[in-house]
Amino acid sequence: MTGSRDRGVPERSIPDPGAAGRAAIEARRARAAVKRALAAGQRGPRDVAERAWQEPDGVEARLRVPEYFGSLRGMGPKRVETLMRELAIAPSKRLGGLGGLQRERVRAWLDVVDPSRRPRLIVLAGPTAVGKGTVAQYVREHFPQIRHSVSATTRAPRPGEIDGVHYAFVSDAEFDRMVDEGEFLEWATVHNLSRYGTPRSSVQAALDEGSSVLLEIDLQGARQVRESFPDAVLLFLAPPSWDELVRRLVGRGTETPAERAKRLETAKVELASQPEFDATIVNSDVAEAAHEVVERILAAEAEARE
């Protein structure tokens with residue numbers, strides 16, 4: 001009777017207590033392999049992203065977005081954090097779990113950082129008060145994949161400027177030491193008042209990592225860079241008009257009347273130097289000027305690749 005009562009009842013499988021752990025380990029290994037391939041350039045970032053969106057159960061889809069961005073060359077933790085905020089993506093998000101709008105933002109960003117592009121050194125110069133710092137700041141905040149070189153200067157910080165972010169503020173003695181030891185890519189005395197210089201090591205390191213570098217410097221510095229880097233792209237930032245330039249200089253209120261007069265005289269000479277540059281960008285609107293700078297950078301990268 002017992003045999004007939006058990007007939008037809010399926011046998012219960014005994015769960016393997018280690019299976020889940022082994023599966024988790026294999027999944028981590030698979031994700032690590034994808035990240036290594038991204039870092040080595042063996043797989044492209046667009047390929048990985050599109051695969052994640054086409055195959056929601058695949059290994060690519062399980063990558064957390066910060067891991068994905070962090071595997072790309074030139075993307076350190078701070079740059080990844082900034083980019084995540086810019087793209088409005090939560091740090092906990094996985095690549096396969098991004099919504100439609102977030103995917104489009106990632107695609108647009110990938111258009112900028114295509115690894116087939118070659119990094120370039122870009123110089124942004126122009127007359128006093130034209131807005132070089134403001135335009136460069138916009139690029140730094142909205143396009144973190146483009147490196148912004150921090151110049152050293154002997155002048156005092158202006159209101160709102162942060163040491164190490166806007167400039168490295170150094171003493172005359174420290175600047176002399178940097179000059180003597182050949183640490184500058186370029187340096188100059190501006191308006192017969194203060195000295196400015198671009199540290200060579202940080203620029204070269206960024207280029208070696210595959211990132212284009214934006215230098216915000218004066219006319220003298222731009223000429224020196226052209227001598228050291230003949231293929232550097234020189235962009236001249238111009239004001240909409242002379243009257244507008246004067247208005248901006250007076251409006252910022254950081255110079256004495258005598259200093260303003262000296263800067264305006266220098267500005268006339270600087271404006272006449274536009275033919276030395278590869279392109280002129282008129283700064284009527286900061287966002288538009290910044291986007292044109294980025295477009296010029298992308299075009300230069302693509303040109304270098306060909």
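The values are calculated or read from the model by the stated rules, or taken from the named source; none is laboratory data. Just so you know, these numbers come straight off a predicted model, no measurement behind them. Because the Cβ atoms are built from the backbone with ideal geometry, glycine has one as well, and the counts that use them run over all protein chains shown.
Scan region 172-185 for residues that are in contact with a Lys or Arg (Cβ under 8 Å, 6 or more places away or on another chain) and buried (at least 18 other Cβ atoms within 10 Å of the Cβ) and jot them down.
175, 184, 185
Does residue 172 qualify as being farther than 16 Å from residue 217 by Cβ, modelled with pLDDT of 95 or more and not β-branched (Val, Ile, Thr)?
yes
Of all residues in region 68-85 being in contact with a Leu (Cβ under 8 Å, 6 or more places away or on another chain) and not in a helix (DSSP H, G or I), which is farthest from residue 212 (Cα to Cα)?
Of everything passing the filter in region 68-85, 71 is farthest from residue 212 (Cα to Cα).
Look through 200, 177, 248 and report the one residue that is of a type in the set (Lys, Arg) and within 17 Å of residue 126 (Cα to Cα).
248
Could you tell me which numbered condition residue 45 fails, if it satisfies all but one of (1) touching a Phe, Trp or Tyr at 6+ places or on another chain (Cβ under 9 Å); (2) closer than 30 Å to residue 219 by Cβ; (3) not assigned by TED's automatic domain parsing to the domain that holds residue 288?
(2)
Can we say residue 280 is under 17 Å from residue 132 (Cβ atoms), within 20 Å of the chain's Cα centre (by Cα) and either outside any helix (DSSP H, G or I) or of a type in the set (Asp, Glu) (or both)?
no
More than 18 Å from the chain's Cα centre (by Cα), within 28 Å of residue 259 (Cα to Cα) and of a type in the set (Val, Ile, Thr): is that true of residue 162 in this structure?
yes
Hey, can you tell me all the residues within region 130-178 that are touching a Ser or Thr at 6+ places or on another chain (Cβ under 9 Å) and either in the same structural domain as residue 77 (by TED's automatic domain parsing) or polar (S, T, N, Q) (or both)?
Listed by number, the residues that qualify are 145, 149, 151, 153, 154, 171.
Being touching a residue at least 12 places away in the same chain (Cβ under 8 Å) and in a loop (DSSP other than H, G, I, E, B) is the filter; apply it to region 22-54 and report the residue that is surrounded by the most Cβ atoms within 10 Å (Cβ to Cβ).
Looking at residues that are touching a residue at least 12 places away in the same chain (Cβ under 8 Å) and in a loop (DSSP other than H, G, I, E, B), I get 44.
What pairs can you find where one residue is in region 280-294 and at pLDDT 95 or above, the other is acidic (Asp, Glu), and their Cβ atoms are less than 6 Å apart, with a gap of 6+ or different chains?
So the pair list comes out as 281/292.
Residue by residue through region 252-292, note down the ones that are within 11 Å of residue 238 (Cα to Cα) and not small (Gly, Ala, Ser).
Hits for region 252-292 are 270, 271, 274, 280, 281, 282, 283.
Of everything in region 139-157 that's touching a strand residue (DSSP E or B) at 6+ places or on another chain (Cβ under 9 Å) and charged (D, E, K, R), which residue is nearest to residue 225 (Cα to Cα)?
147
Failed condition for residue 131, given (1) surrounded by 16 or more Cβ atoms within 10 Å (Cβ to Cβ); (2) under 19 Å from residue 203 (Cβ atoms), with all others met?
Of everything listed in (1) surrounded by 16 or more Cβ atoms within 10 Å (Cβ to Cβ); (2) under 19 Å from residue 203 (Cβ atoms), residue 131 misses just condition (2).
Of all the residues that make up region 191-210, how many are surrounded by fewer than 21 Cβ atoms within 10 Å (Cβ to Cβ), in contact (Cβ under 8 Å) with a residue 40 or more places away in the chain and either under 16 Å from residue 267 (Cβ atoms) or hydroxyl-bearing (Ser, Thr, Tyr) (or both)?
Final tally of qualifying residues: 5.
Could you please give the count of residues in region 127-162 that are assigned to a loop (DSSP other than H, G, I, E, B), over 17 Å from residue 252 (Cα atoms) and in contact with a helix residue (DSSP H, G or I) (Cβ under 8 Å, 6 or more places away or on another chain)?
7
Does any residue of region 59-71 turn out to be closer than 28 Å to residue 198 by Cα and surrounded by fewer than 22 Cβ atoms within 10 Å (Cβ to Cβ)?
Yes: region 59-71 contains one or more residues that are closer than 28 Å to residue 198 by Cα and surrounded by fewer than 22 Cβ atoms within 10 Å (Cβ to Cβ).
Quick one: residue 211 ticks every box in (1) under 22 Å from the mean Cα position of the chain (by Cα); (2) polar (S, T, N, Q); (3) modelled with pLDDT of 90 or more except a single one, so which number is it?
Condition (3) is where residue 211 drops out.
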